[in-house]
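Read-outs: derived from the displayed coordinates by stated rules, not from any lab. Note that this is a predicted model, so its numbers are computed, not measured. Cβ atoms come from the backbone with ideal geometry, glycine included; neighbour counts cover every protein chain shown.
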Amino acid sequence: MTEIIEKTLQTIGIQELNEMQVASLKANESGRDILLLSPTGSGKTLAFLLPLLRQMKQDVVGIQALVIAPSRELALQIEEVFKSFKSDFKVLCCCGGHSSEQEKKSLSENSPALLIGTPGRLLDHIQQGSIDPATIRYLVLDEFDKALELGFQDDMSDIISHLSGLKKRMLLSATRSEEIPSFVKIHNPMVLEFLGENGQKINLTRYIVHSPVKDKLETLMKLVCQIGNEPTLIFVNYRESVERVANYLRKKGADCKMFHGGMEQDDREKALFQFKSGTSYLLVSTDLAARGLDMLEVKHVIHYHLPVNQEAYTHRNGRTARMFAEGSAYIILHGEESLPDYLSESDFTDYPLSDNPPALKPSAWASLYIGKGKKEKISKGDIAGFLMKKGLLDKTQVGPIEVHDKCSYVSVKREEMAALLKRIRNEKIKGIKTIFEESK
């Protein structure tokens, strides 16, 4: 392992890479293209960022490596992981929800060594001349199967056709594919496969929960109460069902958040932060949350609706038991439903529900909304320092912090929220007056 990799692992606090990540590092020493197949949650982001870090050169001008991701959330998460390396290489993320003009300015003023983005936005920049594709030597297509599923073939094909100087391609997927489209132009790839049989996880416990009636809402409520205050993702098949299920749980006293493609981007980001930071233990979502989101702490996955196919089932379950931690998956069935053909009852245990499960307790954490963000050059350090100096909090009372373009979110101890808001109401952060309020 090279010095730069060892230093980076120390910086991000990782003592040892897993088998798949080690194999990727070794394979990337060759000049061959790579196809990496590994389950959701196995650490594929490090598996391609670390080799890129080793391959990029300080004395080269222009974009050296391009990572294409199928969703804005995934692209931003990849950027955050690379920034955590604290390397000397500049990184830039281009995707929807960002100012295209600001991205152009960043690209022209100081070209990044690593560019990350979604297909549509990257193609726009190439067509407008904001990106010089000729300098790009390394291409990574993350969640490649998902990108095809979402219909990005034409955009990706157009992007790749402009990359005349490519030396290496790396494709990453959580599912096997019969054929890689010709537009990728991948040549004799080295295949690294770490998919288990049928995509099953050995550290995932599977349960069937029987609902006495067709409307499974009451059964769901009993289940989440019995599970208790642990991070739980509830999957449904339709946007309308997300709102119906979430509203029912809220009426019954559960603090749950919603996530689906019909929501405004700001609302989606807020819901994800509240769930990932532990402000809320429950997230009700369509399959949009099944892939491309960093949720290392999800303990339980509940299939309220049966998945539409085996692939959807595998990706939903991929949200838990990540990085070889343990997790549980529950399928709720009413009397007229049965397991799909691709599942065997022998893999499941019946989960007994109590008629009087304990009531859910609110999280010990609450979310603080700050009305300023990256556009005002606010950093996580600025926020933490402000809350400790002006808000009189200690470091044990401040949790995860996320800084977005126009706002920021911070998790703080719930018992401190009311007093904190009084203390900082008229304060300024970095000399800027802004809104501070609890994010519901």
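Assorted remarks:
- Of TYR342, TYR281, the sequence from fewest to most neighbouring Cβ atoms within 10 angstrom is TYR342, TYR281.
- Length added when fully stretched, PHE89-LYS185, from 0.36 nm per residue minus Cα-Cα: 31.8 nm
- Cα-based reach from LYS168 at 22 Å (exclusive), listing lysines while leaving out same-chain residues under 8 positions away: LYS26, LYS44, LYS57, LYS90, LYS146, LYS185
- Residues SER164 and ILE432, FRET efficiency given R0 of 51 Å [Cβ-Cβ distance, rounded to 0.05]: 0.70
- For the residue pairs LYS374/LYS430; LYS372/LYS440; LYS214/LYS361, alpha carbon separations beyond 21 Å are given by LYS214/LYS361.
- Taking 0.36 nm per residue of separation and subtracting the current Cα-Cα distance, fully stretching the chain between ASN203 and GLU149 would add 16.7 nm.
- Helix-derived mean residue ellipticity, 222 nm - over the chain, DSSP H n ≥ 4, -39500 (n - 2.57), to 500: -9500 deg cm²/dmol
- Burial ordering of GLU16, GLU427, fewest other beta-carbon atoms within 10 Å first: GLU16, GLU427
- Share of Cα-Cα pairs in the stretch 139-283 lying beyond 19 Å, as whole percent: 67 percent
- In percent, rounded to a whole number, the relative contact order of the chain is 15, using alpha-carbon pairs under 8 Å and six or more apart.
- Cα-based Lys pair tally, the stretch 249-310, threshold under 21 Å, eight or more apart or on separate chains: 6
- ASP145, ASP124, ASP215 arranged by Cβ crowding within 10 Å, fewest neighbours leading: ASP215, ASP124, ASP145
- Within the chain, percent of DSSP bridges classed antiparallel, to nearest 5: 25 percent
- Shape of the stretch 207-332, Cα gyration tensor, a/c cut at 1.5: rounded
- In terms of its alpha-carbon gyration tensor, the chain comes out oblate; a/c meets the 1.5 threshold, while b/c is at least as large as a/b.
- Prolate/oblate/rounded label for the stretch 369-422 (Cα gyration tensor, a/c 1.5): prolate
- Relative contact order for the stretch 365-439, counting Cα pairs under 8 Å that sit 6 or more residues apart, in percent: 46 percent
- For the stretch 288-431, size of Cβ-based charge dipole, Lys and Arg +1, Asp and Glu -1, in debye: 1760 debye
- Diagonalising the gyration tensor over the Cα atoms of the stretch 289-432 and scaling each eigenvalue by 5 before taking the square root yields semi-axes of 42, 19, 12 Å, largest first.
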